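Remarks on the structure that follows.
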Amino acid sequence: MPRGFHALAATAVVACVITACAPTPLASPETSPAATAPTSHTAAPETPATTAVPEPEQVVGTTVRFTSDRTSVDVTIGEDSPGVRDFLSMLPLELTVEEFAGSEKIAYLPRELKYEGSPGSDPEDGDLIYYTSWGNLGFYYDASGIGYSDATLHLGTYSATEEQLSLLEGSPVTIAIVD
C-alpha cells in the first residue's frame, strides 16, 4: 500500500476518536446539558444599591438633609432639572463643608453633576446651589452682589442661619434624602 494511504487512514482514525468523545451536535437547546444546568454562574453582576431618585412629579418638594455631629439642615428641592436629578442620584454621600468668601458654605462633590439642560439662576440668601465651574455645592447666606449666572444651578432652599450652617463645618456631613 502507498504511504499516503496509511497517513490518510491514521488521520481518519484520529478524527473518529475525537468526534466520538464530543457531544452530539444534534442535541436541541432544550435538552442540552447547558440548557438544564443552573445559570447562576452566568447571571449579570448585581449593581450596588442606590437611593431611588423620586418620580418626576415628586422631585420638587423632596427634602434633603445635611447632617453633622452637631446639627442638621434640611433643603427643599425647588425644581426638577437634570442637575437636580443627578445630585439626588448620588445620595447618600458624605462631604466636608467649609466657609467661602464670607457669603456661603461650600462642599465639593465627588464628581461633576450631569447638568446639561439645567437653567442658571440668580441666587438668594437661603439657596443651595451647584456651581458648575468648580463642581461644588453652596449654601448662600449672603448673596448680596451676586447676580445671575448660567454656571449657578439652583437646587433648593433652606431656612438655617449662618450660625447653624457653621455647625456643619469641622466634621463629616452626611447628605441623604429624607423619607
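Summing +1 for each Lys or Arg and -1 for each Asp or Glu among the other residues whose beta-carbon sits under 12 angstrom from that of GLU98 gives -2. From the Kirkwood radius over Cα pairs of segment 59-109, Stokes-Einstein at 4 °C and 1.567 mPa s returns a whole-number translational diffusion coefficient of 105 µm²/s. Shown here for segment 102-135: GluC sites (Glu not before Pro) in loop regions (DSSP other than H, G, I, E, B) with at most 15 other Cβ atoms within 10 Å, namely GLU112, GLU116, GLU124. For segment 133-179, the equivalent ellipsoid derived from the Cα gyration tensor has semi-axes of 21, 15, 12 Å, listed largest first.
Contact order for segment 82-159, expressed relative to its length and based on alpha carbon pairs under 8 Å spaced 6+ residues apart, stands at 32 percent. Backbone geometry of segment 158-163 corresponds, through the Karplus equation with coefficients 6.51, -1.76 and 1.60 at θ = phi - 60°, to 3J(HN,Hα) couplings of 9, 10, 6, 7, 4, 5 Hz, x marking Gly and Pro. Between ALA101 and GLU163, the distance separating the two model label sites (each 7 Å from Cα on the Cα→Cβ line) works out to 2.6 nm.
Fully extended, how many nm does the chain gain between ASP179 and SER89 (0.36 nm per residue separation, minus their Cα-Cα distance)? Result for the pair: 30.9 nm of gain on full extension. Evaluated at q = 0.11, 0.15, 0.18, 0.24 Å⁻¹, a Debye calculation over the C-alpha positions of segment 51-166 (equal weights, vacuum) places log10 I(q)/I(0) at -0.31, -0.60, -0.89, -1.69. For ARG111, the accessible area of its heavy atoms, probed at 1.4 Å with every protein chain present, is near 90 square angstrom. Computed from backbone phi with θ = phi - 60° and the Karplus coefficients 6.51, -1.76 and 1.60, the 3J(HN,Hα) list for segment 143-152 is 8, 4, x, 9, x, 4, 8, 5, 7, 10 Hz; x is used for glycine and proline.
The values are calculated or read from the model by the stated rules, or taken from the named source; none is laboratory data. Computed from a prediction, not measured in an experiment: that's the story for all the values here. So basically every Cβ, Gly included, is an ideal-geometry build from the backbone, and we count neighbours across all protein chains shown. These area figures cover heavy atoms from the full protein model, side chains too; ligands, DNA and RNA do not enter into them. Shrake-Rupley method; radii C 1.70, N 1.55, O 1.52, S 1.80 Å.
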